[in-house]
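Chemist: Have a look at this one.
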Amino acid sequence: MTSLPRFNSRIALALLHDLSAAAAAWLIAYWLRFNLDIPPEFWTSALATLVWVVPLQALAFWFFGLYRGIWRFASLTDLRRILMAVGVAALLVPLGLMMFRIHAVVPRSVLLLDPLLLVLFMGGSRLLYRAWKEHRFSSLLQTEREPLLVIGAGSAAASLVRELLQSKEWRVVGLLDNSATKLGRDIHGVAILGTLDSLSVHARRMGVKHAVIAMPSAPHSVRRRAAQLCNEAGVTALTVPAFEDLVSGKVTVSNLRKIELDDLLGRDPVQLDDAGLHGLLWDQVVMVSGAGGSIGSELARQIARYQPRLLILFELSEFALYQIEQEFSSRFASLPILCIIGDVKNRAALDDLMLRHRPTVVFHAAAYKHVPLMEQQNAWQALQNNVLGTYTLASAAQAHGVAKFVLISTDKAVNPTNVMGTSKRSAEMVCQSLQQAAGTRFIAVRFGNVLGSSGSVIPKFQEQIAKGGPITVTHPDITRYFMSIPEACQLVLQAGLMGTGGEIFVLDMGEPVKIADLARDMIRLSGYTEQEIKIVYSGLRPGEKLFEELLADDEHTLPTPHPKLRIAQARDVDAEWLAAALNWLMQDGVMAEAEVKQKLREWVPEYTPK
């Protein structure tokens, strides 16, 4: 048994209530037995036995812990305790009357009626009290609260309905679900009205202006479809917190919020090999280059979960490094970190760092990645940073015995049409050529655009909407792959764990998204219409493709044990290619744009500039 509850005034009131219920049940049992007219001799018998019956039942109530529960939160657990206590008491009463030789006639029907009445009185009173505290009765009369439809009829929806029954703001008028077995039924007294496609009909009939999507664990395609139906019905779409936040207890299901862009483009959760990642990162020295950028900083946060012995944050930008240092000082105060300002092209500084701290895993996220900026006047700088910088860091890692080197690549490296993409393909080729049978294992990971990264269209669209428009899109048919920064970084870690050396991992980016559709979604989410914020097409920028690819024409993929990772079988790169490329990249001076592009055609045959 668990410890007994500390006796206080609330427990005293609850016990007094149950003793009164026990006495009333005993007397009413006699009353019913004799058709509402108790003979005098049996009335005397009822009162004589009452002083024995009630104490025996009270002992059973206390023994079975009826006063551990709080009436406001009465549940099936409390009902089970009542049933057990009353059941045992039903056996104790006749046994006690016989043992103590109470000379009174107790009809057998009274012994049967009494426990039934007692369960009804005790259970019913608790249920009524909870309903009163949760405003169940007053809510039936309150019509001024905002009507709300709930999309979904699973466990999250059930929790939401139960919590919103206490709300002074919302009144749930119905649920919608595509499961045929649920239609026509109800949850906590709220009817399941129909399928998701009937949203507009019920919203119009009931005057509903808000609907909440309560399907945190449903596939993304279903949640996106629900959001589209809300938009078509002229209903503001709300949603419940993410499933992981609910499970962790950070928030409750009734913390409703507006649908955000991540909800529309979001994807199913990534399943990570936590045990394997602990083995890779726990108690190790881990280095992240470009640690102040959007990808590098999130990689550092994800790595911090696995408690490395030391996390080295390597970054060229002083301000970006300061920001990540401040964040980690407060968020991961117990984690040892080392913030180093440095350039990945500086071999002497890298040698000194690695000699001092001996990292075992390096994640290389430092790169220039803005396509138009790197296309013209900065083409040579793009190669210096993305190719020569990768070689310098990778060769230093190899020289100092780093176990794994993970390169962050891009979908723009596939059949590149621009300098930035070609520089990242060249960086992949550098890692391929450095791979040997033993020693450092080099792994590259390709993925597309990430939501909220620096240089992505999302911040640009947000700024244009804030100014009243218009939103500029380069082409009505341009499409891109999107994933969230945390998901991309989780898959990078998973690929780093799985890689054995020389692989180029390709992330499952899901379905491509039209940038024009993305702009329309952002306009709607900001509370505007396309008449208020217009979309203007400005034409493709230098080096920009209509469609991004994740695999080159001469590549094939192999599956991996992880459903969101595949391996690209790229063409081999020999040491002669690396020596020639380095000889060109290390020459003094700055190469002109035309010369850079001409030479790139020789180094990277798949490069086809526009």
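Chemist: Would you mind getting the accessible area per residue of the chain, heavy atoms of the protein chains only, 1.4 Å probe, in Å²?
Modeler: 48
Chemist: Let me know the shape class of the range 477-610, please: from the alpha-carbon gyration tensor, a ≥ b ≥ c as square roots of the eigenvalues, rounded when a/c is under 1.5, otherwise prolate if a/b is greater than b/c, or oblate.
Modeler: Because a/c hits 1.5 or more and a/b fails to exceed b/c, the range 477-610 counts as oblate.
Chemist: Could you go through the range 473-479 in sequence order and give the Karplus-derived ³J(HN,Hα) for each residue, using 6.51 cos²θ - 1.76 cosθ + 1.60 with θ = phi - 60°, rounded to whole Hz, and x for Gly and Pro?
Modeler: 10, 5, 7, x, 9, 5, 10
Chemist: Still on this model: Any idea how far the Cα center of the range 168-231 sits from the one of the range 299-367, in Å?
Modeler: Using only Cα atoms, the two centres lie 47 Å from each other.
Chemist: Something else: Quick test of the membrane-span-like rule: which DSSP H helices of the chain reach at least 30 Å along their long axis (C-alpha atoms) with mean Kyte hydropathy at least -0.5?
Modeler: The answer, listed by residue number, is 9-33, 40-63, 76-99, 108-133.
Chemist: Amide H of ILE213: which non-local residues (sequence gap of 5 or more, or other chain) have their own amide H closer than 5 Å, using H built in the peptide plane?
Modeler: ILE151, LEU238, THR239, VAL240
Chemist: Now, a different point. Rounded to the nearest 10 Å², what accessible area does GLU232 have for a 1.4 Å probe in the complete protein model?
Modeler: It works out to around 130 Å².
Chemist: Right, another one. Describe numerically, in nm with one decimal, the distance between label points set 7 Å from Cα along Cα→Cβ at GLN166 and at LYS467.
Modeler: It is 4.8 nm.
Chemist: Which Cα, out of LEU582, LEU565, GLY499, lies furthest along the positive dipole direction of the range 457-588 (beta carbon charges, K/R +1, D/E -1)?
Modeler: LEU565
Chemist: Got a sec? Charge dipole of the chain, +1 on Cβ for Lys and Arg, -1 for Asp and Glu; which of ALA320, ILE465, MET354 is way out at the positive end?
Modeler: Of the candidates, ILE465 comes out farthest on the positive side.
Chemist: Going toward the positive end of the dipole of the chain, with +1 on Lys and Arg Cβ and -1 on Asp and Glu Cβ, which of GLY123, ILE408, LEU15 do you reach last?
Modeler: Working it through, the farthest residue towards the positive pole turns out to be LEU15.
Chemist: If you don't mind, another one. Work out the FRET efficiency for ALA191 and ASN231 from their Cβ-Cβ distance, taking R0 = 30 Å, and round it to the nearest 0.05.
Modeler: Efficiency computed from Cβ-Cβ geometry: 0.80.
Chemist: Among [x] 26.0, 89; [y] 34.5, 119; [z] 27.5, 90, find the value of Rg and Dmax of the Cα atoms in Å that was calculated from the structure presented, and write down its label.
Modeler: Here Rg and Dmax of the Cα atoms in Å agrees with entry [y].
Chemist: Still on this structure, I have one more. Which percent, nearest 5, of DSSP beta bridges in the chain are antiparallel?
Modeler: Of the beta bridges lying entirely in the chain, close to 25 percent run antiparallel.
Chemist: Could you look at the chain and say what percent of its accessible area is carbon and sulfur, using a 1.4 Å probe and all protein chains?
Modeler: Carbon with sulfur: 57 percent of the solvent-accessible area.
Chemist: Quick check for me: using +1 on Lys/Arg Cβ and -1 on Asp/Glu Cβ, what's the dipole size of the chain about its Cα centre, in debye to the nearest 20?
Modeler: 2320
Chemist: List the residues whose amide H sits under 5 Å from the amide H of THR557, counting only those 5 or more places along or on another chain, with H placed 1.01 Å from N in the peptide plane.
Modeler: So THR557 has HN proximity to GLN569.
Chemist: Another question, then. Expressed as a rounded percentage, what relative contact order does the chain have, with Cα pairs under 8 Å and six or more residues apart?
Modeler: Averaging sequence separation for qualifying contacts and normalising by length gives 9 percent for the chain.
Chemist: Using r as the Cβ-Cβ distance of GLU325 and SER179, and R0 as 51 Å, what FRET efficiency do you calculate, to the nearest 0.05?
Modeler: 0.50
Chemist: While we're on this one: Going by accessible area, probe 1.4 Å, with all protein chains left in place, what is the ranking of ASP197, ASP477, largest first?
Modeler: Putting ASP197, ASP477 in descending order of accessible area: ASP197, ASP477.
Chemist: OK, next. How much accessible surface area, in Å² rounded to 10, belongs to the heavy atoms of VAL201 with a 1.4 Å probe?
Modeler: Approximately 80 Å² of VAL201 is accessible to the 1.4 Å probe.
The values are calculated or read from the model by the stated rules, or taken from the named source; none is laboratory data. Small disclaimer: the values here were computed from a predicted structure and weren't measured. Neighbour counts run over all protein chains shown; Cβ positions are idealised from the backbone, glycine included. Surface accessibility is based on the protein's heavy atoms, side chains included, excluding ligands, DNA and RNA. Shrake-Rupley method; radii C 1.70, N 1.55, O 1.52, S 1.80 Å.
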